[in-house]
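S.K.: I am attaching a structure below and will ask some questions about it afterwards.
No lab work stands behind these numbers, since they all come straight from the coordinates. What you are looking at is a predicted structure, and each value in this text was computed from that prediction instead of being measured.
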Amino acid sequence: FIVSGEPTEPTYASDLKEWIGQIIKEHQLPFGKVKVEMVKEKKRADILFLDDSNNCVFLIEVKRPEEMEAPYDSKVMEQTVEYVEKYRPFIRHFATHNVNFLVLWDAVTLKKIDQFAITYIKELQEYFRKTDEIRDSFKRFLLWYTKFLEGEPPKPIDESIVEVLHNYIKGVVNTTPLVNELVSSYTDDPQFRTNFE
């Protein structure tokens, strides 16, 4: 589809909310509904997971991918914890998400539970090209999260780190012309191929 103008965090949050809603419905996950809440005073759009009684049980704070440290940033955490406070005592977990990865936090202890690679983009407008990958990554996360709520433990921390680093390396390789140039040289230049091998 053709998109005019620059997407904003609420644009992405709205799309993500739709994809999450579809995943919940397709896989009959134990969440009532999902909505985007616009907070007053020009604050960020959050994705709220509601139970059947309309209590918020999970929240995702969305940031731009340009904010590389956002999922761990202390200011982002402060802001998110303020939102979490509005939904006590029902909210159990929350996540901070900058399109590239998602970090799951415990809403009581505020400790990190796990982190998940989602995609790799440098700027928010690139997410339109990665919608399938983002949907697939969120499907994996939501299926895992459902099992986690049923008692499955989080991944060991080293596996989480490897997953995030692998995703960044893959993203850099896929968006850098150097790799295509090396493949082309290897294919077309016998001397280069010999030296490379």
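S.K.: Which entries in Lys75/Lys130; Lys25/Lys139; Lys17/Lys63 show an alpha-carbon gap greater than 21 Å?
M.R.: Flagged as over cut-off: Lys75/Lys130.
S.K.: What are the residues whose amide H is under 5 Å from the amide H of Ala107, where those residues sit 5 or more places off or on another chain and H is modelled from the backbone?
M.R.: HN-HN under 5 Å from Ala107: His93, Phe94.
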